[in-house]
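Following: one structure in structure tokens, then a few remarks.
The values are calculated or read from the model by the stated rules, or taken from the named source; none is laboratory data. What you see is a predicted model, and the numbers here were worked out from it, not measured in a lab. Please note: Cβ atoms are built from the backbone with ideal geometry, for glycine as well, and neighbour counts cover all protein chains shown. For accessibility, only protein heavy atoms count, side chains too; no ligands or nucleic acids. Shrake-Rupley method; radii C 1.70, N 1.55, O 1.52, S 1.80 Å.
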Amino acid sequence: MSDFQLTRTLDEHAADAALREDVLRGLTQTPKALPPKWFYDARGSELFEEITRLPEYYPTRAEREILLARAGEIASASGARTLVELGSGSSEKTRHLIEAMPALDTYIPVDVSESALKGAAGVLLAEHPRLRVHALLADFTRALRLPDSPGPRLVVFLGGTIGNLLPPERARFLASVRAMLSPGDALLLGTDLVKDEDVLVAAYDDARGVTAEFNKNVLAVIDRELGADFHTADFAHVAVWNREEEWIEMRLRARSEVLVKVRSLDLVVPFAAGEEILTEVSAKFRQEGVRKELSAAGLELTRWWTDSEGRFALSLSVAEGGPGWEGIPGSEGGAGAGSGTTGTTGATGATGATGTTGTTAA
């Protein structure tokens, strides 16, 4: 891979330190909470891939439909010579964009998994031998310094993962993305949209119980990495729609009184019967709310595409101060392309889905 370069910004102990900090804080606060990024060990990543193929889980299929239909328009509108992907994982969906960008010079994937970065780069360079790949081993929720590369740049953040960030976290994240961009550079953002409650709950509580196993996997990770004695059978998977906030909440509910020891932290955690751990919040958005949040960060929403059923949206926004872009937001996409043009976005999120090797169950 002569055109591959890897820059490391995380030390080898960063993940362990972050896990210890998150578990100590999350299990001693009221109510208890754990960040969804800890779902994603090898087993968790396998389970999430299985979730994306379930009939109830629509976001992955809906987003792929938009990318396949609109990749050429995205490439033409952005004119990008550098593509930056945050939380790139396998870079599978991004290949649709790369194939539509004949003038693309450099791809900059950002992820916390070195093996995922190297594996994806090998596949992409075999398919596109003239492409330069400069991978960043980094946490995308922290300020990033991108390597030198030709403009314009297009930053992509797919999968609806932004819905896992709380409103203040989301504002900081969008501001950090804007700081990466020069005037005229752009952001391509994936957002899941507000829809019928039954459809949303089913996507996070499937009939086969795969999402339940995925949710409980965070306990298995803590057991293995921190010497805890959680038993997954002691906890029930719960998925509920919060109508006021317009977000899905995933929780783990203690079936009875439980006392959990976390040996590496010298911590004993009591659970009352029915007490819950919040493990993920996944916000669902409306177009006008997305526009307002982007604008607050110095980004102007210029294009808005949905899948044919209006379930999921990709939006293109330009760093303010650059040349004006054509297009009327909300005018493109399939059925429901202009849906949700009033109201506010569901204030989102759980503790952030930080640079996992895949996308969070958004």
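So here's what we get for this one:
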{"item": "Leading residue by the ranking (modelled with the lowest pLDDT) among those in the stretch 1-18 that are hydrophobic (A, V, I, L, M, F, W, C) and assigned to a loop (DSSP other than H, G, I, E, B)", "result": "M1"}
{"item": "Matching strands (runs of 3 or more DSSP E) fully within the stretch 257-362 where at least 3 residues are modelled with pLDDT of 95 or more and of a type in the set (G, A, S)", "result": "312-319"}
{"item": "Leading residue by the ranking (farthest from A77 (Cα to Cα)) among those in the stretch 195-211 that are touching a strand residue (DSSP E or B) at 6+ places or on another chain (Cβ under 7 Å) and open to solvent by 20 Å² or more (accessible area, probe 1.4 Å)", "result": "D205"}
{"item": "Qualifying positions in the stretch 97-123 - within 21 Å of S45 (Cβ to Cβ) and either in contact with a helix residue (DSSP H, G or I) (Cβ under 7 Å, 6 or more places away or on another chain) or not in a helix (DSSP H, G or I) (or both)", "result": "P109, V110, D111, V112, S113"}
{"item": "Matching option when the condition is surrounded by fewer than 23 Cβ atoms within 10 Å (Cβ to Cβ) and within 16 Å of T7 (Cβ to Cβ), among R130, R145", "result": "R145"}
{"item": "Exclusive hit being within 30 Å of V269 (Cα to Cα), modelled with pLDDT of 95 or more and aliphatic (A, V, I, L, M), set V23, V84", "result": "V23"}
{"item": "Selection count where residues are within 21 Å of K118 (Cα to Cα) and open to solvent by 50 Å² or more (accessible area, probe 1.4 Å), scope the stretch 91-106", "result": "2"}
{"item": "Count of the stretch 59-90 residues which are surrounded by 22 or more Cβ atoms within 10 Å (Cβ to Cβ), hydroxyl-bearing (S, T, Y) and touching a helix residue (DSSP H, G or I) at 6+ places or on another chain (Cβ under 7 Å)", "result": "1"}
